[in-house]
Structure formats: C-alpha cells, structure tokens
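Student: Next up is a structure, given as structure tokens.
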Amino acid sequence: RGAIDREVAANTGANDLIQMLAIREACEAGCRYYHLGETGNSGSLAHYKARFGAQPYSYAEYCLERLPLTRVDAMARTLIKNAIGFRDQ
C-alpha cells in the first residue's frame, strides 16, 4: 500500500524498515541475491530500490500464449492510464 497511499506511508518509514529487515534476513540466511521485484519503466521506483543497493539487470522475457492476452492487457492498461492522465515517474 506504500505505493498507493504515499501521503500515509511516506512519512512513517515503514516501507524502508520492511525492506531493510527483509534484506537483513536474506543475508543472515546466506542468500547471495535479493530480488526487489520488477521495476518496469518507473524511474522513481528504480531510485527507491537503488537506495538499498539494487542494480538494474536486463533480461529477456518470453510469453507464450495461444491468445494474445498479455498484449491486450498492456494495451488496455495504456488506454486507461492515458484516459485518467496517469504518468509513470
């Protein structure tokens, strides 16, 4: 909810604390890598993750479908974002 309720979560530091504790636990468990999730084209999300030492990693992604659901989903999301004036940061 931190990405949704920015005015609430941004002032508590809860997101930072949760990430810090999760990374610490992963380190203590002997993990060599910690995946912070997909960033997409969000510059603000990439900046947030970089604060925890994240580095971008490019990779190929393949989606095999009988029907083009992924493409239809992406087009629908783009149309809705354009309709409401949403801008990725």
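Student: So the check is Cβ under 6 Å with 6+ separation or different chains; which pairs have a first residue in the range 21-45 that's free of Cβ contacts under 8 Å to residues at least 40 places away in the same chain and within 17 Å of Pro56 (Cα to Cα) and a second one that's open to solvent by less than 90 Å² (accessible area, probe 1.4 Å) and among the charged types (D, E, K, R)?
Tutor: Between residues of the range 21-45 that are free of Cβ contacts under 8 Å to residues at least 40 places away in the same chain and within 17 Å of Pro56 (Cα to Cα) and residues that are open to solvent by less than 90 Å² (accessible area, probe 1.4 Å) and among the charged types (D, E, K, R), the close pairs are Leu36/Lys49.
Student: If you go through the range 19-45, how many residues are outside any loop (DSSP other than H, G, I, E, B) and modelled with pLDDT of 90 or more?
Tutor: Result for the range 19-45: 10.
Student: Evaluate the following for Lys81: is it open to solvent by 70 Å² or more (accessible area, probe 1.4 Å), within 19 Å of the chain's Cα centre (by Cα) and at pLDDT 85 or above?
Tutor: It is true that Lys81 is open to solvent by 70 Å² or more (accessible area, probe 1.4 Å), within 19 Å of the chain's Cα centre (by Cα) and at pLDDT 85 or above.
Student: Count, please, the residues in the range 64-89 that happen to be small (Gly, Ala, Ser) and outside any helix (DSSP H, G or I).
Tutor: So the answer is 1.
Student: Here's another thing I want to ask about it. So, of the residues in the range 26-78 that are closer than 15 Å to Asn15 by Cβ and among the basic types (Lys, Arg), which turns out to be most open to solvent (accessible area, probe 1.4 Å)?
Tutor: The qualifying residue most open to solvent (accessible area, probe 1.4 Å) is Arg51.
Student: Taking the stated definitions as given, is Glu61 of a type in the set (Asp, Glu), in a loop (DSSP other than H, G, I, E, B) and without any contact (Cβ under 8 Å) to a residue 60 or more places away in the chain?
Tutor: Working: of a type in the set (Asp, Glu): yes; in a loop (DSSP other than H, G, I, E, B): yes; without any contact (Cβ under 8 Å) to a residue 60 or more places away in the chain: yes.
Answer is yes for this residue.
Student: Looking at (1) modelled with pLDDT of 90 or more; (2) surrounded by 10 or more Cβ atoms within 10 Å (Cβ to Cβ); (3) aliphatic (A, V, I, L, M), which is the one condition that is false for Ala3?
Tutor: Result: Ala3 passes all but (1).
The values are calculated or read from the model by the stated rules, or taken from the named source; none is laboratory data. The shown structure was predicted, so the numbers you read here are calculated from the model rather than taken from an experiment. Methodologically, a virtual Cβ is constructed for each residue, glycine included, from the backbone with ideal geometry; neighbour enumeration extends over all protein chains shown. Accessible surface areas use protein heavy atoms only, side chains included; no ligands, DNA or RNA. Shrake-Rupley method; radii C 1.70, N 1.55, O 1.52, S 1.80 Å.
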